[in-house]
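Here is the structure we will look at.
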């Protein structure tokens, strides 16, 4: 118990020994899922939560914010409650401990960066899984498990190993910037990468997102620069085309590039072929998707798997058979063509629109429906609308959605977030149509688009339900 308190820089309230008779099971989890001897990590807890933990006979509770009568109840019940100012230390400890206990022999990979993390992680997972290995990743289509600000990944690992046996590989996506209640969790990416103890780490790019937690590209760089040190003697896959990524100090770098590279440890794209060791290993026609930013993700995944020692033929077969995650430039319809992409920051918006315009037939229109990011602040929405302005062409028709009919209160679009879109577009003489509800927006887009036009849906939570809504509309 004392080692745990020290590791999370915490203060112990109540019992100074684990509460359950048999001590600690080795599992970190959530309060609702906890059993006798588990440890629960929660950002906040009140007296009722402490009493629930007491009745479940869990080993102890770790929290950052004891609310109401939490401390008093812990003292009254003599229940061990650890209070820390940095809940991320508890989650990093949980991750490290879980891997050491449940997956000590697995080969581990971490993926971080501003864009492309999920596609790269999922592609690495697919290549390894397709080769017959037992693999676990925290990447999922709705990005529910990749924040590492709670014990979800620790729980996933212990549950997977308990149910299905030892893991061969862990592929862990790590947010490049993370926070809680608008407070930056400093060094999050490095902290979590070190906890995973990776043999290979991937850094996709360094760009702006998470405005409020960080306010400049320099801040983002500061959050990522310690990651190569956390990867240590492992191989670090670096995007050679990103100027800031190339400023990182990696001990064992492996490079990727969308242009030919004269580097020994590198995989690149020459416009027609993916090249490794001066040989073409895949042609552009064999790739599961052909947009530049997706090819960059493919290069990162290939570089990671090469660095893991996976046979090249296995890697190639995995790439060819890959099916994209939901909302990663997913094709939802052929007539007209409808693409859906989780473009939620400036670089993602510009890259996705650029790739879609390449597919647009001559004299046809690209109908862009963009969900405004709700409850994320004016700053990120300003950057997003600036990216739209920069991307606009005469071939584009723009629709905006506040998506009031599909979002919860955590993603509700505030007036100032909506106004920054309106003001910027009006100032730049760009026409648009705004809808309070996503269903109305999609109805309008579908009714206005010609059979040979293309519809592009972009945005984060406010656009997530679009595919199911479109099924009813079509």
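Just so it is clear, none of the values below were taken in a lab; they were calculated from the coordinates. Owing to the predicted nature of the structure, the values given are computational and were not obtained by experimental measurement. Here the Cβ positions follow ideal geometry from the backbone for every residue, glycine too, while neighbour counts run over all protein chains shown.
Annotation for the range 311-363 versus the range 428-474: alpha-carbon center distance of 17 Å.
Among beta bridges identified by DSSP and lying wholly in the range 330-473, the antiparallel ones come to about 15 percent. Its Cα gyration tensor gives the range 90-320 an equivalent ellipsoid, and the semi-axes of that ellipsoid, as √(5λ) in whole Å with the largest first, are 26, 22, 15. Fully extending the segment from residue 247 to residue 408, taken as 0.36 nm per residue of separation minus the present Cα-Cα distance, adds 54.0 nm. Here the convex hull built on the C-alpha positions of the chain has a volume of 150 cubic angstrom per residue. Measuring nothing but alpha carbons in the range 2-84 and taking Rh as the Kirkwood radius, the Rg to Rh ratio lands at 0.91. With angles folded into 0 to 90 degrees, how steeply does helix 415-427 sit against the dominant principal axis of the chain? Use alpha carbons for both and round to 10. The angle comes out near 20 degrees.
On C-alpha positions alone, give me the angle between the axis of helix 87-102 and the longest principal axis of the chain, in degrees, nearest 10. Approximately 80 degrees, to the nearest ten. The convex hull built on the alpha-carbon positions of the range 1-44 has an orientation-averaged projected area of 3.4 nm².
Based on C-alpha pairs under 8 angstrom that are at least 6 apart in sequence, the chain has a relative contact order of 11 percent. The range 265-297 to the range 55-115: how many Å between their Cα centroids? Here the two parts' Cα centres lie 42 Å apart. For the chain, the share of DSSP beta bridges that are antiparallel, to the nearest 5, is 25%. Label-to-label distance for residue 354 and residue 3 is 5.0 nm, based on points extended 7 Å past Cα in the beta-carbon direction.
For the range 2-84, what is the percent of antiparallel DSSP beta bridges, rounded to the nearest 5?
Antiparallel: roughly 25 percent of the beta bridges in the range 2-84.
Between helix 152-164 and the chain there is an angle of about 80 degrees, using the helix long axis and the longest principal axis of the Cα atoms. For the range 28-183, the ratio of Cα radius of gyration to the globular rule of thumb 2.2 N^0.38 Å stands at 1.13.
Modelled spin-label separation between residue 30 and residue 389, with each label point placed 7 Å from Cα along the Cα-to-Cβ direction: 4.1 nm.
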